[in-house]
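Peer 1: Take a look at the following structure, please.
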Amino acid sequence: MAEMQTLFPFVRIVKQDKMKRALLLNVVDPSIGGVLIKGEKGTAKSTAVRSMAQFLPARPAVKGCAYRCDPRYPKRLCADCQARIAAGEELETVKVPMKVIELPLNATEDRVSGTLDLEYVLKTGKKKFEPGVLASANGNILYVDEINLLDDHIIDLLLDSAAMGVNYVEREGVSFSHPARFVLVGTMNPEEGNLRPQLLDRFGLSVEVEGEDSITTRTEVIKRRLAFDADPEAYVDSCKDELNALTKQIEQARKLITEIPVDDNAVTMAAKLSMKFSMEGHRSDITLIRAARANAALAGRKEITKDDMKDVAALVLAHRIKRNAFDKTKFDESEVTECLARM
């Protein structure tokens with residue numbers, strides 16, 4: 001708890017509403033596919049992600065499981081939990097806090113996915129697995145700062161595991177797998193290089209953040225930061241009610257989202273928006289629906305509206321639009337409004 005109190009509170013970050021929305025939507029529905037946050041240095045990217053640990057809700061997990069398997073989904077249990085059930089053991093459930101797991105920038109593939117002790121396998125005939133970062137990330141948020149500086153094959157590994165919900169490790173013909181369902185969050189400064197378009201498309205949402213050019217906003221940022229630095233614990237404590245309210249809002253949204261139908265109107269809106277912006281494939285359509293449904297759940301509603309689609313359209317579509325190498329044109333949200341208005 002002491003470590004959390006040193007983090008500047010998420011609820012006191014000035015503006016940056018799209019970034020905060022993108023993060024919250026993924027917490028409500030991890031199947032959205034994570035979020036990539038791009039922006040110049042000093043725009044609260046890392047602060048926003050790391051400070052999520054202050055309000056993330058707890059979740060059920062199997063007691064004693066190295067991967068904190070979720071007992072609500074029996075088919076997703078790891079091999080150890082399944083073996084315990086087969087032996088007649090009744091799995092005990094405990095509540096565990098959802099965490100932000102940070103991946104070191106210089107992490108190797110073995111550090112990320114874990115390793116198999118081949119010598120032990122050869123001697124005993126049994127598998128011995130040394131868990132990696134993906135094991136710790138199961139059920140949590142996996143945060144990668146400066147993700148554009150990671151090797152492409154490591155990013156591919158993270159995105160594949162996030163999409164499948166499973167981490168597969170194979171060494172010299174010996175294989176092992178374990179649950180790896182997590183929300184992948186990457187931050188980067190485009191001045192240091194960009195990701196390949198194929199990798200960009202794999203992120204469910206993307207948002208570009210900029211420094212504020214309003215005197216009023218900039219002075220508010222300065223005041224809040226100085227107040228935090230003067231007494232971090234007291235400042236975080238003053239936000240306790242807001243943080244608790246946000247936790248409850250997420251918990252309620254997670255329950256409500258299962259009651260929100262995906263009707264023909266929502267599907268049509270998603271399809272028309274994807275066609276309007278010349279999206280390739282159908283990943284954008286599906287992500288639009290998932291994000292809009294999570295947005296409705298956060299607002300406490302049981303239906304997907306045009307406003308939900310407007311709120312998430314730029315997050316889903318902007319990074320998927322084909323551009324020339326030096327094209328700096330911004331996503332035109334007025335086109336979203338016009339497209340939806342014609343429905």
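Derivation of every value follows stated rules applied to the coordinates shown; laboratory data play no part. None of these values were measured; they are calculated from a predicted model. No Cβ is skipped: glycine too gets one built from the backbone with ideal geometry, and neighbour counts run over all protein chains shown.
Peer 1: On a straight-distance basis, which aspartates and glutamates could pair with K127 in a cross-link, Cα separation under 20 angstrom, same-chain partners fewer than 8 positions away excluded?
Peer 2: In chain and number order, the partners are D80, E109, D110, D117, E119, E170, E172.
Peer 1: Return the inverse of the average 1/r over all pairs of distinct C-alpha atoms in segment 61-200, which is the Kirkwood hydrodynamic radius, in Å to one decimal. Present the calculation step by step, with values, prior to reporting the outcome.
Peer 2: Numbers: mean 1/r = 0.0615 Å⁻¹.
It works out to 16.3 Å.
Peer 1: Taking 8 Å as the Cα distance limit and 6 or more residues as the minimum spacing, I'd like the relative contact order of the chain as a percentage. Don't skip to the answer; put the middle values down first.
Peer 2: On the way: 547 pairs, mean separation 75.2, N = 343.
Across the chain, relative contact order equals 22 percent.
Peer 1: Another question, if that's okay. Based on alpha-carbon positions alone, could you give the equivalent ellipsoid semi-axes of the chain from the gyration tensor, as √(5λ), descending, whole Å?
Peer 2: Details: eigenvalues 224, 124, 99 Å².
After diagonalising the Cα gyration tensor, the semi-axes are 33, 25, 22 Å.
Peer 1: Ok, one more. What distance in nm separates the two pseudo spin-label positions at I222 and D241, each 7 Å out from Cα along the beta-carbon direction?
Peer 2: In this crude label model, I222 to D241 measures out at 2.9 nm.
Peer 1: Another question about this same structure. Would you calculate, for the chain, the mean residue ellipticity at 222 nm contributed by helices, counting each DSSP H stretch of 4 or more residues as -39,500 (n - 2.57) and dividing by all residues, to the nearest 500? Walk me through the intermediate numbers first.
Peer 2: Values: 16 runs with 153 residues, N = 343.
Roughly -13000 deg cm²/dmol at 222 nm, from the helical runs in the chain.
Peer 1: Report, please, the projected area of segment 68-135 averaged over directions, based on the convex hull of its C-alpha atoms, in nm².
Peer 2: Details: hull surface 25.7 nm².
Result: 6.4 nm².
Peer 1: For V166, which sequence-distant residues (separation of 5 or more, or a different chain) have an amide H within less than 5 Å of its own amide H, given hydrogens modelled in the peptide plane?
Peer 2: A180
Peer 1: With θ set to phi - 60° and the Karplus curve 6.51 cos²θ - 1.76 cosθ + 1.60, what are the ³J(HN,Hα) couplings of segment 77-88 in order, to the nearest whole Hz, using x for Gly and Pro?
Peer 2: Each residue of segment 77-88 in turn: 5, 6, 4, 5, 5, 5, 5, 5, 5, 4, 7, x Hz.
Peer 1: Of L142, L159, L134, which is the most mobile in a GNM of the chain whose springs link Cα atoms less than 10 angstrom apart?
Peer 2: Of the options given, L159 has the highest mean-square fluctuation.
Peer 1: Percentage of Cα-Cα pair distances in segment 247-343 greater than 24 Å, rounded to whole percent? Intermediate values should be presented prior to the final figure.
Peer 2: Values: 1107 of 4656 pairs.
So the pairs more than 24 Å apart make up 24 percent of the total in segment 247-343.
Peer 1: Right, next: Looking at the chain, what % of its DSSP beta bridges pair antiparallel, to the nearest 5? The partial results should precede the final answer.
Peer 2: Values: 13 of 30 bridges.
Counting only bridges with both partners in the chain, antiparallel ones make up about 45 percent.
Peer 1: Rounded to whole Hz and in sequence order, give me ³J(HN,Hα) for segment 125-138 from the Karplus expression 6.51 cos²θ - 1.76 cosθ + 1.60, θ = phi - 60°, writing x for Gly and Pro.
Peer 2: These are the phi-based 3J(HN,Hα) values: x, 10, 7, 10, 10, 9, x, x, 5, 5, 5, 5, 6, 4 Hz.
Peer 1: Pick out, in residue order, every one of the GluC sites (Glu not before Pro) in segment 78-115 that is DSSP loop and has at most 12 other C-beta atoms within 10 Å; say none if there are none. Write down the numbers at each step before the final one.
Peer 2: Working: sites: E89, E90, E92, E102, E109; in loops: E89, E90, E92.
Here the sparse-neighbourhood loop sites are E89, E90, E92.
Peer 1: What's the local net charge at D29, with K and R +1, D and E -1, over the other residues with C-beta under 11 Å away?
Peer 2: Spelling it out: positives minus negatives among the neighbours equals +3.
Peer 1: Further question: Give me the net charge of A227's neighbourhood, meaning all other residues with Cβ under 11 Å from the Cβ of A227; Lys, Arg count +1, Asp, Glu -1. Can you show the working numbers first?
Peer 2: Details: positive: R12, K223, R224, R225; negative: E220, D229, D231.
Net charge in that neighbourhood comes out at +1.
Peer 1: Of N26, N140, N106, which is the most mobile in a GNM of the chain whose springs link Cα atoms less than 10 angstrom apart?
Peer 2: N106
Peer 1: Something else about it: Take the chain, connect every pair of alpha-carbon atoms lying under 10 Å apart with a spring to form a Gaussian network, then pick out the residue of Q82, Q54, Q249 with the largest mean-square fluctuation.
Peer 2: The residue that fluctuates most here is Q82.
Peer 1: Tell me which residues come under 5 Å, amide H to amide H, from K128 once H is placed; ignore anything under 5 positions away on its chain.
Peer 2: D117, V121
Peer 1: Could you give each residue of segment 284-298 its phi-based ³J(HN,Hα) in whole Hz, using Karplus coefficients 6.51, -1.76, 1.60 with θ = phi - 60°, and x for Gly or Pro?
Peer 2: My calculation for segment 284-298 gives 5, 4, 5, 5, 4, 5, 4, 5, 5, 5, 5, 5, 5, 5, 4 Hz in order.
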